[in-house]
Amino acid sequence: MEWRGAAIQNDGMTASALPLIAIDGPSGVGKSTTAKRVAARLGWQYLDTGAMYRAAALAVRRAGIELSDREALERLLAGLDLAQDQGRMFLAGEDISEAIRSQEVTLLVTPVSADARVREVLVDQQRRIGARGRWVVDGRDIGTVVFPGACCKVFLTASPEARAQRRFLELQAKGQSPDFAAVLADLLRRDTADSTRTASPLCKADDAVELDSSILNLDQVVDWIVQRHAAHA
Ligand code: DC
C-alpha cells in the first residue's frame, strides 16, 4: 500500500456511497486479519488505523513527552511521518511493525488514542488516504467518524471470552506462556477505555451491520463480508 454521503438503507450498506469497507469493533475480534483477507479478495488496499495510533504512541514514547505538554505534542504531530506498505507500519521510514505490538505501546496507545488532537490529525490522514475508495479500513470509528459515507459498514463483535481465547492461542503459538485471566483482563480494560472515552468512542454506526464472530471462523466472516459487498455493489 502506498499513501501517496448517501441514502441510508440501515442494513450495513449505503446506496451510491464511497466504495470502501469499514470494519469496526473491539480489540481482539480479528478485524485486521479479516480486513486484510477481504482486501486481498477484492483487490483493494488495506488500512490498519490501529497501527497508526500505535505508531503515534511509539513516537510519543520515544520523544519522551507528556500528553499534557501540548506544545511538544503539536510539534510531534506536525512532523509525524507515517506510512504502511505490504502490511508493515513505518515511522519516518523505519519499520516499526514489531515495536508497536510491545506491552508498553499497548498501554500507552489508550491515552494517546483518546487525545482529541491526535485523533484529528490521524483522521485527517486516514480520510486523505481513503478518499478515492477501494480500501478496506479497520478501526473503532471508521463507519461513524472517518468514513460515514462508506458503502459497506461492518461492526464485528465476539464475546470477551472468545476474543481472549484467540489472543491466548496466538501468544502460545508465538512461544509465550500467557495467563488467560491476564489476557482477558487486558481486553476488558481496552474495551472500557475505547467505549467510554469522550473523543470518538467505539460504537456501532446506525447503518452498520453487526456480525458476531464468536461462532464463526475467519473464512466464514470473510466470505460473508465479500458476498454482502458483491450483492450490494
Ligand atoms: O486495533 P488496535 O488494537 O491495534 O488499536 C490500537 C489502539 O488504537 C486501541 O486502543 C484503540 C485505538 N484505535 C482507535 O482509537 N481508533 C481507531 N480507528 C483504531 C484504533
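No value in this document is a laboratory result; all are computed from the given coordinates. In this text, all values refer to a predicted model and were calculated from it rather than measured experimentally. Positions of Cβ are backbone-derived with ideal geometry, glycine not excepted, and every protein chain shown enters the neighbour counts.
Of note:
- For the chain, share of DSSP beta bridges that run antiparallel, in % to the nearest 5: 35
- Extension gain (nm, one decimal) between ALA182 and ARG101, 0.36 nm per residue minus Cα-Cα: 27.5 nm
- Think of each Lys and Arg Cβ as +1 and each Asp and Glu Cβ as -1; about the Cα centre, that makes the dipole of segment 87-233 roughly 340 debye.
- A Förster radius of 22 Å, combined with the Cβ-Cβ distance separating ARG134 from CYS203, puts the computed FRET efficiency at roughly 0.25.
- Ordering VAL123, ALA40, ALA99 by the projection of their Cα atoms onto the charge dipole of segment 11-163, which places +1 on the Cβ of Lys and Arg and -1 on the Cβ of Asp and Glu, puts ALA40 at the extreme positive end.
- In this simple spin-label model, placing a label point 7 Å from the Cα along the Cα-to-Cβ direction at both THR33 and ALA72 gives a separation of 3.8 nm.
- Once backbone amide H atoms are built at 1.01 Å from N, ALA158 has SER213 as its partners under 5 Å, excluding neighbours fewer than 5 places away on the same chain.
- Taking a straight line from the alpha carbon of LYS153, these lysines sit under 28 Å away, with near neighbours fewer than eight places off in the same chain left out: LYS31, LYS36, LYS204.
- Spatial extent of segment 85-170: Rg and Dmax, with the Cα atoms as the point set, Å: 15.0, 38
- Cut-off 20 Å (backbone N to label point 7 Å along Cα→Cβ of THR192), residues of segment 104-123: 104-115
- Evaluating 6.51 cos²θ - 1.76 cosθ + 1.60 at θ = phi - 60° for every residue in segment 44-51, the Karplus couplings come out as 9, 9, 10, 10, 9, 6, x, 5 Hz, glycine and proline recorded as x.
- Farthest toward positive dipole pole in the chain [+1 Lys/Arg, -1 Asp/Glu at C-beta], among PRO26, GLN86, GLY64: GLN86
- Overall, the anisotropy analysis places the chain in the oblate class: the square-rooted eigenvalues a ≥ b ≥ c of its C-alpha gyration tensor yield a/c not less than 1.5, with a/b not exceeding b/c.
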